[in-house]
1. Roughly how large, in nm² to one decimal, is the mean projection of the convex hull of the alpha-carbon atoms in segment 35-77?
2. For the pairs Lys76/Lys107; Lys52/Lys107; Lys52/Lys95, flag any whose C-alpha to C-alpha distance is greater than 20 Å.
3. Non-local amide H neighbours of Gln82 (under 5 Å, H modeled in plane, Pro and chain starts lacking H): which ones?
4. So for each of 36-47, 76-87 I average, over its residues, the number of other beta carbons within 10 Å; can you give me the resulting order with the highest mean first?
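Values quoted throughout were computed directly from the atomic coordinates according to the rules given, and no laboratory measurement underlies them. Nothing here was measured: the structure is a model prediction, and the numbers come from that model. Cβ: placed from backbone, ideal geometry, glycine included. Neighbour counts: every protein chain shown.
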Amino acid sequence: MKKTILAACLGIISITACKKDQDFTPLPVPGTDTEVLKFSGGNFTLFLKADKTLWATGDNGFGQYGGGISRNIPVKIMDDVQNLSAGRYHSMIIKTDNTLWVTGFNKY
């Protein structure tokens, strides 16, 4: 149960902010009505659906998925994605045309 609580508090799988009295029972995430092929992230989550659309939710304070606005429900990021990778402060996306897209903290 501790892993579920940690994930929910970090915004990784939760659709609400972490509160002391919050119920940490796993729930279906809105926007995931089709097969999810891959997911990745740190304090945020990227997930690639079978229809090749990329979605994100969670902390976006460093522009990890573009735009700089954190979301507590999934938001569609882009179409035609074939692969992804993400760390705590960045995301790398390979589109179906084999172009590499990178977003997030660019200090180093």
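1. Details: hull surface 10.7 nm².
Averaged projected area of segment 35-77's Cα convex hull equals 2.7 nm².
2. On the way: Lys76/Lys107 26 Å; Lys52/Lys107 30 Å; Lys52/Lys95 9 Å.
From the list (Lys76/Lys107; Lys52/Lys107; Lys52/Lys95), the Cα-Cα distance tops 20 Å for Lys76/Lys107; Lys52/Lys107.
3. Long-range HN contacts for Gln82: Ile94, Lys95, Thr96.
4. Numbers: 36-47: 19.1, 76-87: 16.1.
So the order, starting with the most tightly packed, is 36-47, 76-87.
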